[in-house]
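The values are calculated or read from the model by the stated rules, or taken from the named source; none is laboratory data. Since we're looking at a predicted model, the values are computed, not measured. Quick reminder, even Gly has a Cβ in these numbers, built from the backbone with ideal geometry, and neighbours come from all protein chains shown.
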Amino acid sequence: MKVTYVLDRPVLGGGVKVVFQHGNLLCRAGHDVTILANGPQPDWVHFQGNYIDFSTGLPALPEQDVIIATYYTTIDIAQRIQPGAVIHFCQGYEPNFPHLADISNSIRAIYSQILPTFVVTPALADYIHSQYQRPTFVISPPLDVRFSPVRRLLPRRNARILVQGVFESSLKNITTALDAINILREWGQMCEVFRVSVFPLSEAEERILEPEKFLYRVSPEQVAAELQRCDLALFTSHIEEGFGLPLLEAMASGVPAVSSDIPSTRYMTAGTVPLVQPDDVEGFAREAYRLLRNPLRWQLQRWRARRAAQRFHPDVVIRQLEAGLAWAVEQLKHQTKA
C-alpha cells in the first residue's frame, strides 16, 4: 500500500516520534511509505522510507492509497495533495490544549470536516466520534524497544526520580511533580531528580527545585540509557494529554511510576500503576513514598507494568496499523460514493 504522512515541523517530541515509528513499522511490513514534513529530516530519527521536506513547496506525488494528516495544521495540505485519500491521525484533541485556546474555535471548524480518523486511545475515539460524528479507529503508539529494563532488586536509598516534560506547559503539570518531590524530602526520603525537557532549565523551575541532572533536547537513545538508572517516574499531565509516551517508556524500562488519573493513562497502565488526581501534590508524594519504602511493592510494580507495556509492542501495533489502513481505504470508498 502507498501511504504518505504529512507532518508539520518535525520537532523533537512524542507526537512526531510516533509518526516516524508508525512509518518504519509499515516500511518493514513491505508498504511504500513517504513522510512529508515542513523542514529537514531530524537527526534523532532513522526513517527507512522516503522523506520529503516541503518547506519550499509541495511535491508532485504518485497516486497514494492513503494520505495521513498528523496535526490539524496539515489537513489542508494533505487535501491539496490528493483530496479523496485523506484521513486524520489525532494524538490529542488540540482545541483543548491551553496554549491553543485563542484559536480553538478555528481548530474545531477544521475538525468539523468528516474524515476517517486514527486515534491513540479508546477515550479519544469516543470523544471525537461524539463531538464530530467522525468514524474512528484506535492505533496505539508503539513501544520503543530501546527502552528496556536492567536487573534491579531494590530501589536505592537515595532514589533517582524521573520527571519528563516541558515545565512551561500547563498541560504537562511539572510543578506538581516538583512539589511532590519536595514533600518526599520533608518526609525523609532521600532522592535525586532527573529532568528531561525540550526546553532549557528555567529560573522559575529552579526556584521550585533544582534538579541534580537536567537533559535538554537529547535523543531517545540517551533518555533510554538514563531511564534504566532511575528508581521512580512521576507523570503528572492533565486530562488534555493524548497518550503519554514517557510513562509507557518508564513502564517498559522497569521503572515504577506514579501517574495522574486521566483517560489515556488508565488505558495505558491497565491497573498496574498507582493513579492520582493531576493536582493532588500530596497524593503523588504519598504513592511515591509507598513505592520507595516498600521493596516488594516496588518490585511487583516493575513486573506488572512491564507486562502491561507489552500490549504496545511493535508486533502488536503493526497489526493495528495494517487493519487500520484497510479500514481507512473502505471508509474513503464509502465517502466517495456518498
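Go through E186, E192, E168 for me and flag whichever is free of Cβ contacts under 8 Å to residues at least 24 places away in the same chain and surrounded by fewer than 19 Cβ atoms within 10 Å (Cβ to Cβ). Let's see the steps before the verdict.
Details: E192 fails: free of Cβ contacts under 8 Å to residues at least 24 places away in the same chain; E168 fails: free of Cβ contacts under 8 Å to residues at least 24 places away in the same chain.
On inspection, the qualifying residue turns out to be E186.
Identify all residues within the stretch 87-107 that are of a type in the set (A, V, I, L, M) and either more than 24 Å from P122 (Cα to Cα) or in a helix (DSSP H, G or I) (or both); write none if there are none. Scanning the stretch 87-107 gives L100, A101, I103, I107.
Among the residues of the stretch 132-172 satisfying the criterion of being under 18 Å from E240 (Cβ atoms) and among the charged types (D, E, K, R), which is nearest to the chain's Cα centre (by Cα)? Applying the filter and picking the extreme gives K172.
For the stretch 131-142, the count of residues that are of a type in the set (F, W, Y) and in a helix (DSSP H, G or I) is at least one. The residues on offer are A85, A101, A123, A109, and the sole one that is assigned by TED's automatic domain parsing to the domain that holds K17 and either acidic (D, E) or touching a helix residue (DSSP H, G or I) at 6+ places or on another chain (Cβ under 6 Å) (or both) is A123.
Within the stretch 311-328, can one find any residue that is part of a helix (DSSP H, G or I) and either at pLDDT below 95 or closer than 17 Å to A233 by Cα (or both)?
Going residue by residue through the stretch 311-328, those that are part of a helix (DSSP H, G or I) are 311-312, 314-328.
Applying the additional criterion that residues be either at pLDDT below 95 or closer than 17 Å to A233 by Cα (or both) yields none.
There is no residue in the stretch 311-328 that is part of a helix (DSSP H, G or I) and either at pLDDT below 95 or closer than 17 Å to A233 by Cα (or both).
On inspection, S197 does not qualify as in the same structural domain as R297 (by TED's automatic domain parsing) and touching a residue at least 60 places away in the same chain (Cβ under 8 Å). Give all pairs with beta carbons closer than 6 Å in which a residue from the stretch 37-50 that is in a loop (DSSP other than H, G, I, E, B) meets a residue that is surrounded by 14 or more Cβ atoms within 10 Å (Cβ to Cβ) and aromatic (F, W, Y); count only pairs at least 6 apart in sequence or on separate chains. From the stretch 37-50, the pairs are Q41/Y51; V45/F20; F47/F20.
Among the conditions (1) among the acidic types (D, E); (2) farther than 18 Å from E240 by Cβ; (3) surrounded by 15 or more Cβ atoms within 10 Å (Cβ to Cβ), E94 misses just one, which is (2).
Of the residues making up the stretch 19-39, those that are among the hydrophobic types (A, V, I, L, M, F, W, C), in contact with a Pro (Cβ under 8 Å, 6 or more places away or on another chain) and over 21 Å from D76 (Cβ atoms) number 1. The set of residues from the stretch 248-280 being assigned to a helix (DSSP H, G or I) and surrounded by fewer than 19 Cβ atoms within 10 Å (Cβ to Cβ) comprises P263, R266, Y267. Can L12 be described as more than 26 Å from I114 (Cα to Cα) and either touching a residue at least 24 places away in the same chain (Cβ under 8 Å) or part of a loop (DSSP other than H, G, I, E, B) (or both)? It is true that L12 is more than 26 Å from I114 (Cα to Cα) and either touching a residue at least 24 places away in the same chain (Cβ under 8 Å) or part of a loop (DSSP other than H, G, I, E, B) (or both).
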